[in-house]
Amino acid sequence: MTPGNDIQRPEERVLVLAPTGRDALLACELLTQAGVDSLVCADEVELCQGIEEGAAVAVLAEEALHPWTVHALLGALSRQGPWSDLPLIVFTRGQHSSESMLEALGPLGNATILERPVRVSTLVSAVNAGMRARRRQYEVRDLLRRQADADRRKDEFLAMLGHELRNPLAAIRNAIWILEEAGSGEYQDVRQREVIERQTHHLVRMVDDLLDVSRVTLGKIDLHVQPVDLQSVAERCLNELGMKRVAESHELTVSVSTEPVLVQGDPVRLEQVVCNLLHNAIKYTPRGGSIDLTVGSEDGEAVVRVRDTGLGISADMLTRIFEPFTQVESSRKRSEGGLGLGLPLVRSLVELHGGTVEAHSAGHEQGSEFVVRLPQLGSEAGLPVAGVPLPDGEPVFEDRAPLRILVVEDNADGRESLRDLLEIWGHHVEVAENGPDGVRQALDSHPDVALIDIGLPGLDGNEVAQRIRAGLDDDHMALVAMTGYGQPEDRRRALQAGFDAYLVKPVDPEDLSRTLRELTEGREPGLRN
Ligand code: ADP
């Protein structure tokens, strides 16, 4: 490419494509005299490259516009963002050729035709008008970039916020369990404990939604797909929400089909979908109202309907409520609060399963219905069905031999509350506040289990696990990771580092107890001191 001027900013320059060098140089000279940067392109390849690097206007001579040049130009223009509409100025030979040229240039969009002979003032004013328009386009591009950047930072912030909130929640949850096991049975204490427990439960839900929504946005949700019976999903949700409690405040009707309603899906995520819809129905229906849950198949599709007689939704909000952070103003005042993330999550999860979700309502105070449709699996599949197991009523914390457990955790409240909880269960606990101490204590005292936080300062949990494994002659010590990071990639890395199990904070004490039992069953608890 031959610079027609000393070019400082590519976005301010004019690209010139003319077959005879003389024409092109002349045009450049005229533009230079008018104070405009310009660049002569030898062929369509250089022209397209110039457009990609940045250009204000392209000046083209008719003779240079072969079909392949137009084709290449179309490609280059379509690679620009939606903000772009590059001004093209084309010199034609005369009126007749201008008409056919107009047709040929139609797909290129923003083309101005100048018939030869072109007066200098006409060229310069056409170029100036083009440059002005193009500057605006670049401003729009920059604005879009800044917005996308802010959006990305917001998503990353939300992911980080969700993750950071898990540490304090883990400590609070442990403390609640300790109070339940060891606290006073005084009526007032029990009531206050229940308040803390309920509110913590809300907080955990919101944090989970926040994290899940940012994972969906960042494309980081993996489904663990298997054949699932939606009826057991529904049953599990009703258990989770506490059917008895709901029945005290609302009239609850559950209709399920006599046949299993099979879909190919992730049982945990599907449960999240149905729970979210039921939770909303309860939240947005005043006491005494009715809630119906129906699970069945319609026209070969698996369908879940959640209907309520509550606040209803106005027509203009029916689709908007599936957008993140959207809440209907009137319901906001009356509900227990939320982040406006439940329905966006429901929609994303349903779509990841190849399904759809719709909201229906006749309007304010007229109740609502949410309908989820999923591709149904033929029941002839005869595959083992992974209903989510229902709690079997077995006591979780049965009497068992005490274990020696090392807790490696830098967060003091999290560490001490976990120690108390484990001691209440009868285990012998020692603690370490950082990675190096954790490794040393593990290798000195050979506990049965080490519970290790991943986000430790200095030496992170994965390195701690690696060093412990490297320093041991046998693999009798069970290593359990506890972390706020729940991504499949984090899990894989932890298992590779030598962990036997992986728990995501806030760790549910029941999960912890089950994990301890599974990892140490059949082993001689090593009380070696
Ligand atoms: P949140 O409940 O946290 O506000 P959601 O995304 O679950 O967030 O719901 C978004 C909004 O949709 C709610 O704020 C509420 O205004 C409306 N909405 C959801 N479910 C219902 C329902 N069953 N009845 C009436 N309004 C509802």
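With respect to P509, is the statement that it is under 23 Å from D413 (Cβ atoms) and at pLDDT below 85 true? So P509 fits the description; yes. For segment 220-231, the tally of residues that are open to solvent by 20 Å² or more (accessible area, probe 1.4 Å) and assigned to a helix (DSSP H, G or I) stands at 1. For segment 281-303, a residue qualifies if it is closer than 20 Å to H353 by Cα and near the ligand (Cβ under 8 Å from one of its atoms), but none of them does.
Checking every residue in segment 197-215 against the condition of being over 17 Å from D508 (Cα atoms), surrounded by fewer than 19 Cβ atoms within 10 Å (Cβ to Cβ) and out of contact with any Pro (no Cβ under 6 Å at 6 or more places or on another chain) gives zero matches. Of the helices (runs of 4 or more DSSP H) that lie entirely inside segment 415-528, those containing 3 or more residues that are crowded, with 19+ Cβ neighbours inside 10 Å span 435-445, 461-471, 509-520. The residues of segment 309-322 that are without any contact (Cβ under 8 Å) to a residue 40 or more places away in the chain and near the ligand (Cβ under 9 Å from one of its atoms), listed by number, are M317, R320, I321, F322.
Among the residues of segment 403-414, just one is modelled with pLDDT of 90 or more and surrounded by fewer than 20 Cβ atoms within 10 Å (Cβ to Cβ), namely D410.
Every residue, every condition in (1) in contact with a helix residue (DSSP H, G or I) (Cβ under 9 Å, 6 or more places away or on another chain); (2) of a type in the set (K, R), yes or no:
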position: R146; (1), (2): no, yes
position: A159; (1), (2): yes, no
position: E164; (1), (2): no, no
position: H202; (1), (2): no, no
position: S214; (1), (2): yes, no
position: A247; (1), (2): no, no
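Residues of segment 325-345 that are more than 8 Å from the ligand (Cβ to nearest atom) and modelled with pLDDT of 80 or more: F325 alone. What residue, of V261, V273, V306, is within 11 Å of the ligand (Cβ to nearest atom), under 19 Å from L349 (Cα atoms) and β-branched (V, I, T)? Result of the check over V261, V273, V306: V306. For segment 358-370, the set of residues classified as within 12 Å of the ligand (Cβ to nearest atom) and either crowded, with 18+ Cβ neighbours inside 10 Å or within 26 Å of G300 (Cβ to Cβ) (or both) consists of A359, H360, S361, G367, S368, E369, F370, listed by residue number. Suppose we filter E251, E323, E271 for residues that are on the phi < 0 side of the Ramachandran plot and more than 25 Å from the chain's Cα centre (by Cα); which single one remains? Matching residue, one of E251, E323, E271: E251. Considering (1) closer than 21 Å to E235 by Cβ; (2) touching a residue at least 60 places away in the same chain (Cβ under 8 Å), the lone condition that L343 does not fulfil carries the number (1). For S348, state whether it is buried (at least 17 other Cβ atoms within 10 Å of the Cβ), at pLDDT below 95 and more than 9 Å from the ligand (Cβ to nearest atom). Yes. Within segment 372-387, is even one residue touching a His at 6+ places or on another chain (Cβ under 7 Å), surrounded by 15 or more Cβ atoms within 10 Å (Cβ to Cβ) and modelled with pLDDT of 95 or more? Yes: segment 372-387 contains one or more residues that are touching a His at 6+ places or on another chain (Cβ under 7 Å), surrounded by 15 or more Cβ atoms within 10 Å (Cβ to Cβ) and modelled with pLDDT of 95 or more.
For segment 422-481, the tally of residues that are at positive phi and over 37 Å from the mean Cα position of the chain (by Cα) stands at 2.
Find all pairs meeting these conditions: Cβ atoms under 6 angstrom apart; at least six residues apart or on different chains; first residue within segment 177-193 and more than 10 Å from L421 (Cβ to Cβ) and free of Cβ contacts under 8 Å to residues at least 40 places away in the same chain; second residue surrounded by 13 or more Cβ atoms within 10 Å (Cβ to Cβ) and among the hydrophobic types (A, V, I, L, M, F, W, C). Close Cβ pairs satisfying both conditions: R193/L179. Selection of helices (runs of 4 or more DSSP H) fully inside segment 1-118 by the criterion of at least 2 residues being modelled with pLDDT of 90 or more and surrounded by fewer than 17 Cβ atoms within 10 Å (Cβ to Cβ) returns 44-53, 67-79.
Looking at segment 119-135, which of its residues are small (G, A, S), in contact (Cβ under 8 Å) with a residue 24 or more places away in the chain and open to solvent by 40 Å² or more (accessible area, probe 1.4 Å)?
Correct list: A129, A133.
The values are calculated or read from the model by the stated rules, or taken from the named source; none is laboratory data. What you see is a predicted model; the values in this text were computed from it and never measured. Virtual Cβ from ideal backbone geometry, glycine too; neighbours counted across all protein chains shown. These accessible areas exclude ligands, DNA and RNA; they are computed on the full protein's heavy atoms, side chains included. Shrake-Rupley method; radii C 1.70, N 1.55, O 1.52, S 1.80 Å.
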